[in-house]
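Q: I'd like to ask you about the structure that follows.
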Amino acid sequence: MKKLILCLVFIFTTGTNFLSAESTEINVVIDSEIIKISEDDFGCASDCVQWAKGLVFEIADNNNDDPNDYQFYMDIYMRYYTGCLRGCE
Amino acid sequence: MKYTLNLTIVFFLSLFSATGQSINGKITYLATSKYAESFYKKKVKKNKKEIKSNILKLYKNSKDVYSILEFNENRSLYYVVDKMEINNDNVNYTHILAGSEKKFYTNNNLMIYQNNTLDCFLLGECFLIENKIPKWELKNEAKKIQGFECYRAVIKNPRNNKISVEVWYTPEIPYQYGVMNYFGLPGVILEINRNTFSMTAIKIELNPLEKIKIEEPKNAKKITEKEFKELTKKAMPEFYKN
C-alpha cells in the first residue's frame, strides 16, 4: 500500500513539473546601433594592435634586436596595447 | 697508512670549511636608460612623425629604478623595488627592461641549478618559466665595482655576431647568480649593459645580521621558455603576424 502511495506521489509531482514547463521563443532583435558600436570597438582594438606593434618593432629596431627574441618587447607591447584599449571604452 | 688517513682528514676538513663559508647577501642596483633618448635622436631621421614622437616620449618619461638581488647559498631572488605606475600615456621603459613586476629565482642546490622567471602579468595567471643559461663569452678585462674585482663577459647575437649584452661579474662572491635571466657565470653579476640600458650595483651587503630566507614561489605553473612562448603566440597571434 505504501509503495502504491509513493508511486502516486511521484507520478503527480513529475506530471505537474512537465505541465508547468513553458515553451520559450527566442526573439532575435537586430539592433543596428549595437552592431555599429561593436564594429567601432573592433576597429579601435585593431588600431591599438597596429599602433602598439609599430612602436615595439621600432624600439627593437633601434636596439638592433628581433622583438621575438626578448620577452620584454612583449611586455612593452602589452602595456601599450592595454593602455590604448582603455581609450577605446 | 698514517699518510692516507691524514690526507682523508684534511680532505674532509677542507670540504666542511668550504661548505661552511656560505655567504648571504643583498645587492641593490640602479637601472637607467638615460641615454636612450639622445641615442634615438641621433640615429633615427626618416620616421613617421607620430611614431617618432611616441618613442621619444617613452624614452623621456622613463625613470631610473632600483632593483634588488637577495641570495644565500641555495637560492637567489631578483626583483624591481619600485612599483610600475599604471598610466595610459606613461610606460616606464627602464622599469620594463629591469624586469618590471616579474621575479627571478635561481636554485643552486646540489641536485638542481636553475633560473626561473615568475610572470603573473602577461597571460593573466602565474607561470614559473625555466630559463636557459645564456651563451657567455668570458673576456680578460677587469674593473672594480663597489670595491669588488669584476670581469667582463658578453653575449653575442648569433645573427650578426655583434655583442648584444655585456656584464661584469665578481668571483669574489662565488655564486652563479645574476640579474633577471642573466646568470651562470663564475661570480655574481654586478653590472649589465644592453644598448642604452644599464644597471649597476650601488650597494652590496654581505652576511647581514638577519639571514636571507628565500621561499620558492607557490601556485605557479612550471613551464619551459619554449612552452611559454607557444602560449603567448596563441594568446596574442596579432603580435606575431607579419
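Q: What strands (runs of 3 or more DSSP E), lying completely within the stretch B:150-235, carry at least 2 residues that are among the small types (G, A, S) and modelled with pLDDT of 90 or more?
A: Once the strands (runs of 3 or more DSSP E) in the stretch B:150-235 are filtered for at least 2 residues that are among the small types (G, A, S) and modelled with pLDDT of 90 or more, what remains is B:197-206.
Q: Hey, another quick one. Of everything in the stretch B:192-226 that's in contact (Cβ under 8 Å) with a residue 60 or more places away in the chain and among the acidic types (D, E), which residue is nearest to B:V167 (Cα to Cα)?
A: B:E205
Q: Is the stretch B:140-158 home to any residue that is among the hydroxyl-bearing types (S, T, Y), without any contact (Cβ under 8 Å) to a residue 60 or more places away in the chain and within 21 Å of A:N63 (Cβ to Cβ)?
A: No - not one qualifying residue is present in the stretch B:140-158.
Q: Got at least one residue in the stretch B:198-221 being within 14 Å of chain A (Cβ to nearest Cβ), of a type outside the set (D, E, K, R) and within 15 Å of B:N115 (Cβ to Cβ)?
A: Let us first name the residues in the stretch B:198-221 that are within 14 Å of chain A (Cβ to nearest Cβ), namely B:198-199.
If we keep only those that are of a type outside the set (D, E, K, R) as well, we get B:198-199.
Checking which are within 15 Å of B:N115 (Cβ to Cβ) leaves us with none.
Looking for residues that are within 14 Å of chain A (Cβ to nearest Cβ), of a type outside the set (D, E, K, R) and within 15 Å of B:N115 (Cβ to Cβ), one finds none in the stretch B:198-221, hence no.
Q: From the set of residues in the stretch B:82-140 that are acidic (D, E), more than 9 Å from chain A (Cβ to nearest Cβ) and in a strand (DSSP E or B), which is surrounded by the fewest Cβ atoms within 10 Å (Cβ to Cβ)?
A: Selected residue: B:E137.
Q: Right, something else. Filtering the stretch B:160-173 down to residues that are without any contact (Cβ under 8 Å) to a residue 40 or more places away in the chain and closer than 27 Å to B:E73 by Cβ, which residue is farthest from the other protein chains (Cβ to nearest Cβ)? Spell out how you get there, then give the answer.
A: Looking only at the stretch B:160-173, we keep the residues that are without any contact (Cβ under 8 Å) to a residue 40 or more places away in the chain, and these are B:160-172.
Still in the running and closer than 27 Å to B:E73 by Cβ: B:165, B:167-172.
Values: B:V165: 10, B:V167: 15, B:W168: 20, B:Y169: 21, B:T170: 25, B:P171: 28, B:E172: 30 Å.
The qualifying residue farthest from the other protein chains (Cβ to nearest Cβ) is B:E172.
Q: Against the condition under 15 Å from A:Q71 (Cα atoms) and not acidic (D, E), how does B:T106 come out, does it pass?
A: Considered against the rule, which asks whether it is under 15 Å from A:Q71 (Cα atoms) and not acidic (D, E), B:T106 comes out as no.
The values are calculated or read from the model by the stated rules, or taken from the named source; none is laboratory data. Nothing here was measured: the structure is a model prediction, and the numbers come from that model. No Cβ is skipped: glycine too gets one built from the backbone with ideal geometry, and neighbour counts run over all protein chains shown.
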